[in-house]
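Here is the structure we will look at.
The values are calculated or read from the model by the stated rules, or taken from the named source; none is laboratory data. Fair warning: this is a prediction, and the values are worked out from it, not measured in the lab. So basically every Cβ, Gly included, is an ideal-geometry build from the backbone, and we count neighbours across all protein chains shown. The accessibility values were calculated without ligands, DNA or RNA, using every heavy atom of the protein model including side chains. Shrake-Rupley method; radii C 1.70, N 1.55, O 1.52, S 1.80 Å.
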Amino acid sequence: MAGEVIVDALPYIDQGYDDPGVRESALAMVEEECRRYRPTKNYLEHMPHLSTSTFETKLMAQEFERIQNLIPMETLSMKRYELPPPSGSRLSEVSAWEESIDNSKAQLEHQWVRAMNLELMLDYGIEAWKAYLEVFVAMQAKAQGQLQELKKEIQDVNWQRKQAQTKAGERLRQLEASWVLLVSKNYEIEQQCVELEKQIHELRKRISENEVPADVEAEPPQQQNDHHIDDEGEDVSKNVPEETVIEDSENQNQYEKSDENDVEMATVEEKEQ
């Protein structure tokens with residue numbers, strides 16, 4: 001949506017704004033962005049076109065046109081305040097003298113009006129200014145009241161914003177602590193997985209090389225008991241195949257013979273010594 005701004009800053013809980021160099025760094029980034037940024041579209045197209053001639057009068061339009069055309073301003077004419085006599089070529093003309101007399105009467109009337117205004121100001125000017133100042137004081141009081149209301153609304157908005165950001169800050173800190181804990185656990189799990197993978201790789205390598213690990217001791221074969229007693233006290237050895245019994249007996253005889261050979265060899269060595 002045009003004109004929409006998403007603010008993701010939390011100034012009431014963020015820290016580091018007052019650190020030295022932070023403001024200068026931010027201003028430098030803004031200047032760099034303004035230098036590189038080139039707008040590709042009109043961001044004010046959703047707003048109505050600005051009309052600059054709404055409050056212009058005819059006199060203002062003429063003055064703006066004069067300024068645009070670099071035409072110098074006309075000097076103030078003081079002719080109406082002068083009382084020139086008829087020129088030398090019109091000294092004998094009655095109309096020229098009549099114009100001069102009319103001009104003199106206008107100047108005299110103007111001076112009389114000025115004198116009357118000064119007299120009125122002396123009589124009523126003080127009270128008029130007092131009333132004028134009372135109106136201004138009332139306007140000032142009204143403006144001050146509106147200003148106080150706006151300040152109160154701003155303070156309420158800032159307070160609500162601070163409350164919301166404080167709650168959000170507590171939630172963010174909890175989530176951050178949970179995230180750190182989970183990341184630490186994941187790291188430990190990854191370390192354990194790496195260690196297990198190393199052990200599996202080593203075991204596979206030993207198996208491929210037909211090597212028996214040193215920590216694995218060969219367990220002697222357990223003798224099988226041919227006689228098996230069930231829960232009812234009956235001998236179930238008859239269920240054991242005869243071939244298995246014969247193999248077990250042969251193995252037992254071989255173990256016994258090997259033990260006897262070992263004893264004889266030890267006796268011979270002692271006698272030779």
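When Trp97 is tested against (1) in a helix (DSSP H, G or I); (2) closer than 30 Å to Pro11 by Cα; (3) aromatic (Phe, Trp, Tyr), just one condition goes unmet, and that condition is (2).
For (1) open to solvent by less than 90 Å² (accessible area, probe 1.4 Å); (2) of a type in the set (D, E, K, R); (3) more than 60 Å from the chain's Cα centre (by Cα), each residue gets a yes or a no:
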position	(1), (2), (3)
Glu45	no, yes, no
Thr75	no, no, no
Pro85	no, no, yes
Ser92	no, no, yes
Ile101	yes, no, yes
Ala106	yes, no, yes
His110	yes, no, yes
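Go through region 11-43 and give me each residue that's small (Gly, Ala, Ser) and assigned to a loop (DSSP other than H, G, I, E, B). Within region 11-43, Gly16, Gly21 meet the criteria.
Residues Leu10, Leu27, Leu50: which one is loosely packed, with under 10 Cβ neighbours inside 10 Å and within 49 Å of the chain's Cα centre (by Cα)?
On inspection, the qualifying residue turns out to be Leu50.
Would you confirm, using the coordinates I've provided, whether Met139 is surrounded by 10 or more Cβ atoms within 10 Å (Cβ to Cβ) and under 30 Å from Pro11 (Cβ atoms)? Judged against the criteria, Met139 is not a match. For Glu234, the criteria (1) of a type outside the set (A, V, I, L, M); (2) modelled with pLDDT under 90; (3) open to solvent by less than 80 Å² (accessible area, probe 1.4 Å) hold in every case but one, which is (3). For the criterion of being surrounded by 10 or more Cβ atoms within 10 Å (Cβ to Cβ) and of a type in the set (D, E, K, R), Glu127 fails.
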